[in-house]
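*Asks:* Mind having a look at this structure? Questions to follow.
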Amino acid sequence: MAKIKNFYICQQCGYESPKWLGRCPGCSAWNSMIEEQRSSKPERTAVVSSSSNPKSIVNIVSGEKERFDTGIDELNRVLGGGLVKGSLTLISGDPGIGKSTLLLQTANTIALKYGKVLYASGEESEEQIKIRGDRLGVKADNLYIVSETNIDIIARYVEEMQPVFVIIDSIQTMYKDTIASAPGSVSQVRECSNELMRMGKNSGIPLFIVAHVTKQGELAGPRVLEHMVDTVLSFEGERTEDFRILRTVKNRFGTTSEIGVFEMSQKGLVQVYDPSGLFLQDTNYNQEGSIIIGIMEGTRPLLVEVQSLVSETKIPMPRRTALGIENSRLSLILAVLEKKLKIYFYSSDVYVNVVGGLDLEGTTADLGLALSLVSSIKGKEASMEKLVAIGEIGLTGEIRPVANADRIVNEAKKLGFKNVILPNRNIDKIAVKDINIIGVNTLKEAIYKVF
């Protein structure tokens, strides 16, 4: 007989303890230890199958080229070229952001092109999915919907149907009968994910798994879930805004620097092929505290607007609020401006926002951020018409070169910008005509030329 053993497991990191603890020693989370049961099974002798024998790497056939076209170019971009057979992809995002809408559109396209697709939902009934499908124009005969939360029953459906693509919505609603804990617990998520991984790898079926997020925007459940899957996608954006950004967090079959841009409409998610135009469509140029910056997101150059508001305050500890830019990067730029240019912010609140909700990574936006801060505190707008700023700022106040500056300048020219200010060492690699290129070596020189 198998013995039942009680233990406590952290729902944040998976730390196990024989007794309840108020604070998890693994991740320092409070009140995250939940009691679960585990049955100790008798030891079994391992049986070696022919499929698990060691093979020479030169004799293994690579499946890199065997990808499914999802029919959505922006999704193919973040996946690295399409869906890899046997891959396990996790997609997360806030409630109502459009995860199920995107997957239903993808399922419809793959069902029309390649064959049977199984959409297993534990959160919605078949009728609810049908209503959304009618709104999105989903009419594929090979798209099968099932409302089920038992992972063993879903595995049986997959074995009987032999679909080419499977969607699980969501992993937090799935459960196995052999696990005593409730759906969504660490044990259930881990075991269900293991079952799905075994199913996909053995049969070569690509799977998409929807996962919930916490209030902080992080992936809910144990961190082991992210390690088990091949790709992790994050859906970003505000529910009150029309556009969404699909970002790659992890990808074993491609780069993690690509993003996909979508616009939410009545007929579902529409691809945005010109995201720079979308981000700048309501921009009023040459405004106080506003600068257009050029960045690279993967292989795609983007132009976005960064806005700064510097307001005098009487409180001892001024506020520093940044949306779309890391607070540590903002603090660094403020320190350089105060130390090297004697522009003081210690008696002012500083608010920075990247228009459109895009989260900027890297250092390409440093120069644009510094110019917008100076513009706001001085109350002056840029003297140059339709200006784009590119460059990294060093701690000594120098402007350091950035990669792919030529592609950003080309994007600026295409959108009708007339002036680009960038590091001097990037000018030699730029052969773009009909646009004014301004090279600078220091932050002081850049501010003098712009204002």
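The values are calculated or read from the model by the stated rules, or taken from the named source; none is laboratory data. Note that the structure is a prediction, hence the values are computed from the model and not measured. Don't worry about glycine lacking a Cβ; one is built from the backbone with ideal geometry, like all the others, and counts go over all protein chains shown.
*Asks:* Considering only residues of the range 130-153 that are among the hydrophobic types (A, V, I, L, M, F, W, C) and closer than 19 Å to T109 by Cα, which is surrounded by the most Cβ atoms within 10 Å (Cβ to Cβ)? Reasoning before the result, please.
*Replies:* Just the residues of the range 130-153 that are among the hydrophobic types (A, V, I, L, M, F, W, C), to begin with: 131, 136, 138, 140, 143, 145-146, 151, 153.
After this cut, where a residue has to be closer than 19 Å to T109 by Cα as well, the list is 131, 136, 138, 140, 143, 145-146.
Details: I131: 12, L136: 16, V138: 21, A140: 16, L143: 23, I145: 21, V146: 15.
Filtering first and then ranking leaves L143.
Okay, residues lined up against (1) among the polar types (S, T, N, Q); (2) closer than 30 Å to V78 by Cβ:
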{"position": "S276", "(1), (2)": "yes, yes"}
{"position": "E288", "(1), (2)": "no, no"}
{"position": "I295", "(1), (2)": "no, yes"}
{"position": "P301", "(1), (2)": "no, yes"}
{"position": "V306", "(1), (2)": "no, yes"}
{"position": "L309", "(1), (2)": "no, no"}
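*Asks:* With respect to S187, determine if the residue is surrounded by 15 or more Cβ atoms within 10 Å (Cβ to Cβ), part of a loop (DSSP other than H, G, I, E, B) and of a type in the set (S, T, N, Q).
*Replies:* no
*Asks:* Also, I was wondering about something else. Could you tell me which numbered condition R156 fails, if it satisfies all but one of (1) in contact (Cβ under 8 Å) with a residue 12 or more places away in the chain; (2) surrounded by fewer than 21 Cβ atoms within 10 Å (Cβ to Cβ); (3) in a helix (DSSP H, G or I)?
*Replies:* (1)
*Asks:* Let me ask you something else. Conditions first: (1) assigned to a loop (DSSP other than H, G, I, E, B); (2) farther than 21 Å from S375 by Cα. I408 passes all but one, so which condition is the exception?
*Replies:* Status for I408: all satisfied but (1).
*Asks:* With N419, N436, N426 as the choices, which residue is farther than 27 Å from K339 by Cβ, surrounded by 15 or more Cβ atoms within 10 Å (Cβ to Cβ) and in the same structural domain as G368 (by TED's automatic domain parsing)?
*Replies:* Working: N436 fails: surrounded by 15 or more Cβ atoms within 10 Å (Cβ to Cβ); N426 fails: farther than 27 Å from K339 by Cβ.
None of the others qualify; the one that does is N419.
*Asks:* Of the residues V354, V350, which is of a type in the set (V, I, T), under 26 Å from the mean Cα position of the chain (by Cα) and within 30 Å of D242 (Cα to Cα)?
*Replies:* Numbers: V350 fails: under 26 Å from the mean Cα position of the chain (by Cα).
Going through V354, V350 in turn, the sole match is V354.
*Asks:* To continue, here is another question. Would you mind finding the one in S181, S125 that is free of Cβ contacts under 8 Å to residues at least 24 places away in the same chain and of a type in the set (S, T, Y)?
*Replies:* S125
*Asks:* Would you check which residues across the range 348-373 are acidic (D, E) and either closer than 12 Å to E305 by Cα or not in a helix (DSSP H, G or I) (or both) and list them?
*Replies:* Residues of the range 348-373 acidic (D, E): 349, 359, 361, 366.
If the condition is that a residue be acidic (D, E) and either closer than 12 Å to E305 by Cα or not in a helix (DSSP H, G or I) (or both), then D349, D359, E361 are the ones that fit.
Residues checked against (1) touching a residue at least 24 places away in the same chain (Cβ under 8 Å); (2) under 25 Å from M197 (Cβ atoms); (3) not assigned by TED's automatic domain parsing to the domain that holds I131:
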site	(1), (2), (3)
F235	yes, yes, no
I245	yes, no, no
T255	yes, yes, no
E263	no, no, no
Q266	yes, no, no
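*Asks:* What about T178, is it over 21 Å from A211 (Cβ atoms), of a type in the set (V, I, T) and either modelled with pLDDT of 90 or more or touching an Asp or Glu at 6+ places or on another chain (Cβ under 9 Å) (or both)?
*Replies:* Details: over 21 Å from A211 (Cβ atoms): yes; of a type in the set (V, I, T): yes; either modelled with pLDDT of 90 or more or touching an Asp or Glu at 6+ places or on another chain (Cβ under 9 Å) (or both): yes.
Against the criterion (over 21 Å from A211 (Cβ atoms), of a type in the set (V, I, T) and either modelled with pLDDT of 90 or more or touching an Asp or Glu at 6+ places or on another chain (Cβ under 9 Å) (or both)), T178 qualifies.
*Asks:* Among D134, D141, which is part of a helix (DSSP H, G or I), of a type outside the set (A, V, I, L, M) and at pLDDT 85 or above?
*Replies:* One residue alone meets the criteria, D134.
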